[in-house]
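The block underneath contains the structure these notes are about, expressed in structure tokens.
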Amino acid sequence: MIYSPLLASSLKKYQNTFHTVVPFNPKNDKLLHMNFTATNTELNNDMVEDSDKFASYIKQKIKDANAIYGIGGYAEYRSFYSRSTVFNNAPGVEPRRLHLGIDIWGDAGTPVFAFMGGMVHSFAFNNRFGDYGATLILLHQLDGIAFYSLYGHISLNDINNIQAGGYVIRGEEMAHIGAAVENGNWPPHLHFQIIYDIEMRKGDYPGVCSYGEKDKYLKNCPDPDLVLNMMQYAGSN
């Protein structure tokens, strides 16, 4: 795996030029920083293993905060990934629990926009319990650096009529947050991730790694808020 220390600096350089990935006006809209680490004692196994209960919890927290979205998760260690065997490695090998993207928790059907122009690299329906569900990956170039953006848990319809090699333009409405039946059985949200080296993968890339692989994957997947520019507006409750 090859890393580019220049990618993060280039993203920061152009941060103020990127289009919002979901509808958001920082002057009027509130965000809730959601904590899904073990320190959140409100969560229990019964809740996270039941998709409806989990979705109700998230929706109520966002409503109580008078927020438009819940947001967070980059480099967050989440025990709730035990709900799915997708995040298990071979017996005796540390399971994957460290989140590599930012999640934007909101209503199914919420539009997802291209933050900059790019080419459709690949897409897939990763239809296992706990997986991405419908997934889109775009290829971009910035200051001569090629990199990728991944959109997980989107609507299945969003990938039914696209082709690899097609182009999207900045601000194009290209996807929507998917419902549980098409997003891997998660409460509706967008998993947004930046990737430097895609490692020859198509339609998929790890969004969660083991803690022992933390340094490797966080170097290859810089903070998505360099694009989103949303975390500074996220309060907690």
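The values are calculated or read from the model by the stated rules, or taken from the named source; none is laboratory data. Quick caveat, the model's predicted, so the values are computed rather than measured. Heads up, the Cβs are rebuilt from the backbone with ideal geometry, glycines too, and the neighbour counts pull from every protein chain shown.
Here's a check for you: in the stretch 1-28, which residue that is without any contact (Cβ under 8 Å) to a residue 40 or more places away in the chain and in a loop (DSSP other than H, G, I, E, B) is surrounded by the most Cβ atoms within 10 Å (Cβ to Cβ)?
The selected residue is ASN25.
Which ones in the stretch 125-142 are at pLDDT 95 or above and not polar (S, T, N, Q)?
PHE125, TYR132, GLY133, ALA134, LEU136, ILE137, LEU138, LEU139, HIS140, LEU142
Which ones in the stretch 211-237 are within 30 Å of ASP29 (Cα to Cα) and either of a type outside the set (A, V, I, L, M, F, W, C) or free of Cβ contacts under 8 Å to residues at least 40 places away in the same chain (or both)?
Within the stretch 211-237, PRO222, ASP223, PRO224, ASP225, ASN229, GLN232, TYR233, GLY235, SER236, ASN237 meet the criteria.
Please enumerate the residues belonging to the stretch 118-149 that are among the aliphatic types (A, V, I, L, M) and closer than 14 Å to LYS202 by Cα.
Those that are among the aliphatic types (A, V, I, L, M) and closer than 14 Å to LYS202 by Cα: MET119, VAL120, ALA124, ALA134, LEU136, ILE137, LEU138, LEU139.
If I ask for residues that are farther than 22 Å from GLU182 by Cβ, in contact with a helix residue (DSSP H, G or I) (Cβ under 9 Å, 6 or more places away or on another chain) and not aromatic (Phe, Trp, Tyr), which ones from the stretch 101-125 would you list?
Listed by number, the list holds a single entry, MET116.
Any chance you could count how many residues in the stretch 56-76 are crowded, with 20+ Cβ neighbours inside 10 Å and outside any strand (DSSP E or B)?
Qualifying residue count, the stretch 56-76: 6.
Identify the residue in the stretch 77-91 that is part of a loop (DSSP other than H, G, I, E, B) and closer than 19 Å to MET47 by Cα and, among all such residues, is modelled with the highest pLDDT.
ARG78
Tell me, yes or no, whether the stretch 38-45 has at least one residue that is of a type outside the set (Gly, Ala, Ser) and either buried (at least 19 other Cβ atoms within 10 Å of the Cβ) or in contact with an Asp or Glu (Cβ under 6 Å, 6 or more places away or on another chain) (or both).
No, the stretch 38-45 has no match at all.
Considering every residue within the stretch 92-101, establish whether at least one is of a type in the set (Val, Ile, Thr) and at pLDDT 95 or above.
Scanning the stretch 92-101 turns up no residue that is of a type in the set (Val, Ile, Thr) and at pLDDT 95 or above.
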